[in-house]
Every structure is written in C-alpha cells, then in structure tokens.
1. Roughly speaking, to the nearest percent, how much of the chain's 1.4 Å accessible area is carbon and sulfur?
2. State the volume of the convex hull built on the alpha-carbon positions of the chain, expressed per residue in Å³ and rounded to an integer.
3. Can you give the accessible area per residue of the chain, in Å², using a 1.4 Å probe?
4. With a 10 Å cut-off between alpha carbons and a GNM built on the chain, which of GLU133, GLU150, GLU221 moves the most?
5. If I build a Gaussian network model for the chain, linking alpha-carbon pairs within less than 10 angstrom, which residue out of THR170, THR117, THR103 has the largest mean-square fluctuation?
6. Of PRO42, ILE125, PRO176, which is farthest along the charge dipole of the chain in the positive direction, counting Lys and Arg as +1 and Asp and Glu as -1 at C-beta?
7. Before anything else, pin down the relative contact order of region 48-121: Cα pairs under 8 Å, at least 6 apart, normalised by residue count, whole percent.
8. Could you pull out every one of the lysines with an alpha carbon less than 27 Å from that of LYS17, ignoring same-chain neighbours closer than 8 positions?
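The values are calculated or read from the model by the stated rules, or taken from the named source; none is laboratory data. From a predicted model like this one, the values you see are computed outputs, not experimental measurements. We place every Cβ from the backbone using ideal geometry, glycine too, and count neighbours over all the protein chains shown. We work out accessible area using only protein heavy atoms, side chains counted, and drop any ligands, DNA or RNA first. Shrake-Rupley method; radii C 1.70, N 1.55, O 1.52, S 1.80 Å.
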Amino acid sequence: SRKFFVGGNWKMNGSKKIADELLGHISRGPLDPNVEILIGVPAIYLDFVKEQAPCTVHVSAQNCFKTEKGAFTGEISPSMLKDIGVDWVILGHSERRQIFQETDLLIAEKINHALETGLSVVACIGETLEEREAGQTEAVVAKQIKAIKEKISNWQNVVIAYEPVWAIGTGKTASPQQAQEVHKVLRKWLTDEVSETVAQNTRIIYGGSVTASNCKELAKEVDIDGFLVGGASLKPEFIDIINANQ
Ligand code: 13P
C-alpha cells in the first residue's frame, strides 16, 4: 500500500528566523509515523534547513536544471543538491510553468536528469480554470503526464502532485470528489500507459488551498495519497495536515 505523503512548499517565502520557527513546529510534532514528510524550501536555505530538520523529514529543492554543470547562470543542478545532502526536488510546479514559461518538454527533461542523478521528484501537473471550464481537464493532465513518461524509465522515485491551478493560493479547494475524479483518471492512465504495478505504487498527492479544515475529507478519497501544501505549510496547522488521517 502507498505511504501517505505530505509536502510543504514554502515557495519564495521565509528567512532564517522563519525557518527556525517552522522547524520548531515540525520538531515538536506530533507527527504521524505513517506519513512521509517533505519540506520544499528556497535553494538558499536548503543547507541551513537540512542542518536542523528532523532526519525523518525530506528537505527538498523547488527547482533545478536539466544538466550537471556548465554555463547556466543562476541555475542549480541535481548533483549540487546531492552534494549538500538534499535528495528531493519539486519540478513542474504551475508557477514554474506559468511565470517562468517552463514547457512540458523542459520539465520532463529536468525530471529525467534529476532521477538519473539519484534524486526523488515531486512532479506537478494540473489544469487552469479556463481549461477546466472548457472540459479539458483530463486531456491537459494526460498531456502533462505523457510528456514525463516519454522521458523517464523508472517511476519508483516519483510522486505525482495534482495541483489544479485555479485552486492554488485562491482559497478555492477542489472538492474531494473533484480531486478524486482526476486522481482516478491519472491512476488509470498509469495502468494503461505504464503498468499496473506503477499505477498501484505511485503516490498521487493533491495540492491547492489545502488547510487543516479540508484535509481530512480529501484524505478519505481512495486515490488521494497525500498533499502538497503551500500557504498552510508556513503555519502551525501544517502539523494538522500531516496528521490528516488521525
Ligand atoms: P496553496 O496551498 O497556497 O494553495 O499552494 C499550493 C501549492 O502550490 C503547493 O505547491
């Protein structure tokens, strides 16, 4: 069975002081031992956070480039992350897609290179409001996941995050039924296009305005294997989201 997975994505937020406070909440817990926990922190604080985070918590980057090294000013590579002891990266976040114009192809290449370097990846997909209203949700997420499938050969170290863009930072959470419907489509897609084993073993987590008050209902859905949390991961309630199943 799939271990429940809860990630906090700090995005471009925080400071050393805030990181200390957030790590304080996490260290005090209590943390459900049946949950895998990740915090995605700004690259500049990775080392600082890694030093203090409980060793059971994955400290993750929020982006990295698709090659090992070279003339790519401003970028960081998966091997640099490994070098400082960081084993996870979030890739394909909708903010990377929309604000920084990352394409399905670039994201797939980044995911592949990160996996080949030995990182584990939270791979994000999701439709915009316009796409949902046009009835294209399934086609959009299928296209996004297909692009990934075409570049990678092993799904073992991949967690898929379904994050509908209209639900991110808006306070408009997908209803448990809306989220479940898409998660089910994605699992079916994995069954048909990859394998039954990969479909059964891969965590598909939901992101978009997850809070302490809506997480329990979402967590009950059979194909929702956890959460990727933005705003609420910067608050003490992140602990309640980690413990959604209790
Ligand atoms: P919010 O939880 O703030 O809506 O953000 C979700 C998200 O983008 C996590 O990656």
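1. On the way: 5800 of 11460 Å².
Within the chain, the accessible surface is 51 percent carbon and sulfur.
2. Numbers: hull volume 28.4 nm³, N = 246.
Per-residue hull volume (Cα only) is 115 Å³.
3. Numbers: 11460 Å² over 246 residues.
Normalised by residue count, the accessible surface of the chain is 47 Å².
4. Result: GLU133 has the largest fluctuation of those listed.
5. Maximum fluctuation in the GNM of the chain, among the listed residues, is at THR170.
6. Projecting each Cα onto the dipole axis, the largest value belongs to PRO42.
7. Numbers: 90 pairs, mean separation 25.3, N = 74.
Relative contact order for region 48-121 comes out at 34 percent.
8. LYS50, LYS82, LYS235
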